[in-house]
1. Output the residue which, of all residues in region 108-118 that are part of a helix (DSSP H, G or I) and free of Cβ contacts under 8 Å to residues at least 12 places away in the same chain, is nearest to TYR18 (Cα to Cα).
2. Filter region 97-121 down to residues that are of a type in the set (Ser, Thr, Tyr) and surrounded by 15 or more Cβ atoms within 10 Å (Cβ to Cβ) and give me whichever is nearest to THR50 (Cα to Cα).
3. Filter region 1-36 down to residues that are of a type in the set (D, E, K, R) and more than 29 Å from THR59 (Cβ to Cβ) and give me whichever is surrounded by the most Cβ atoms within 10 Å (Cβ to Cβ).
4. Suppose we filter THR86, THR90 for residues that are under 20 Å from GLN116 (Cβ atoms), touching a Lys or Arg at 6+ places or on another chain (Cβ under 6 Å) and buried (at least 20 other Cβ atoms within 10 Å of the Cβ); which single one remains?
5. Condition (residue is within 15 Å of THR25 (Cα to Cα), in contact (Cβ under 8 Å) with a residue 12 or more places away in the chain, loosely packed, with under 15 Cβ neighbours inside 10 Å and touching a helix residue (DSSP H, G or I) at 6+ places or on another chain (Cβ under 6 Å)) applied to region 53-66: is it met by at least one residue?
6. Condition first: touching a residue at least 24 places away in the same chain (Cβ under 8 Å) and charged (D, E, K, R). Now tell me which residues in region 1-37 satisfy that.
7. Does ILE130 fit the bill of being closer than 30 Å to LEU4 by Cα, free of Cβ contacts under 8 Å to residues at least 60 places away in the same chain and among the hydrophobic types (A, V, I, L, M, F, W, C)?
8. Taking region 76-128 as the region of interest, how many residues are over 16 Å from the mean Cα position of the chain (by Cα) and either basic (Lys, Arg) or at pLDDT below 95 (or both)?
Amino acid sequence: MQQLQPEAYKAMYALEKYLAGTSITKTHAELIKIRASQINGCAFCLDMHTKDALKYGETAQRIFVLPAWRETTLYTDQERALLALTEEVTLIHNGGVTPRTYNNVVALLGEEYCAQALMLITTINAWNRIAISTQLQPAV
């Protein structure tokens, strides 16, 4: 697909470059990417972002229990707020982002960080859909 739509991929990569320059931490970014990819069932992105998270210092334990983040104290209040936002955006068809979730992210991280997180969540959801639709596979 990248060969068929090179300008579209160029735009996606430009968005990735922009997001890498925002104030979103690598830990927050990878938790968001992993959680959205878990929900969407994107094996390619899960493989990539779990490896990236480990490279950036994330622990295997926190990656392993991420689907049950509500049931553990392993995540900070900020991370929990971002994970809730990630789930509500990824599952937008379930009623969208609640004011409580949105306001919690803003209260804990600020409006600019929340806006950047929304762009990151939207971007990983787009990548998940591209990877799944084109049947990208993790490298063996």
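The values are calculated or read from the model by the stated rules, or taken from the named source; none is laboratory data. Everything quoted here is computed from the prediction, not taken from an experiment. Positions of Cβ are backbone-derived with ideal geometry, glycine not excepted, and every protein chain shown enters the neighbour counts.
1. So the first thing to find is which residues in region 108-118 are part of a helix (DSSP H, G or I), and the list is 108-109, 111-118.
This time we only want the ones that are free of Cβ contacts under 8 Å to residues at least 12 places away in the same chain, so: 111, 115.
Numbers: GLU111: 17, ALA115: 13 Å.
Filtering first and then ranking leaves ALA115.
2. Just the residues of region 97-121 that are of a type in the set (Ser, Thr, Tyr), to begin with: 98, 101-102, 113.
Subsequent filtering for residues that are surrounded by 15 or more Cβ atoms within 10 Å (Cβ to Cβ) retains 101-102, 113.
Numbers: THR101: 25, TYR102: 26, TYR113: 22 Å.
Filtering region 97-121 for residues that are of a type in the set (Ser, Thr, Tyr) and surrounded by 15 or more Cβ atoms within 10 Å (Cβ to Cβ), the one nearest to THR50 (Cα to Cα) comes out as TYR113.
3. Step one: filter region 1-36 for residues of a type in the set (D, E, K, R), giving 7, 10, 16-17, 26, 30, 33, 35.
This time we only want the ones that are more than 29 Å from THR59 (Cβ to Cβ), so: 7, 10.
Numbers: GLU7: 7, LYS10: 11.
Here the answer is LYS10.
4. Values: THR90 fails: touching a Lys or Arg at 6+ places or on another chain (Cβ under 6 Å).
The unique qualifying residue is THR86.
5. yes
6. GLU16, LYS26, GLU30, LYS33, ARG35
7. Numbers: closer than 30 Å to LEU4 by Cα: yes; free of Cβ contacts under 8 Å to residues at least 60 places away in the same chain: no; among the hydrophobic types (A, V, I, L, M, F, W, C): yes.
Judged against the criteria, ILE130 is not a match.
8. 1
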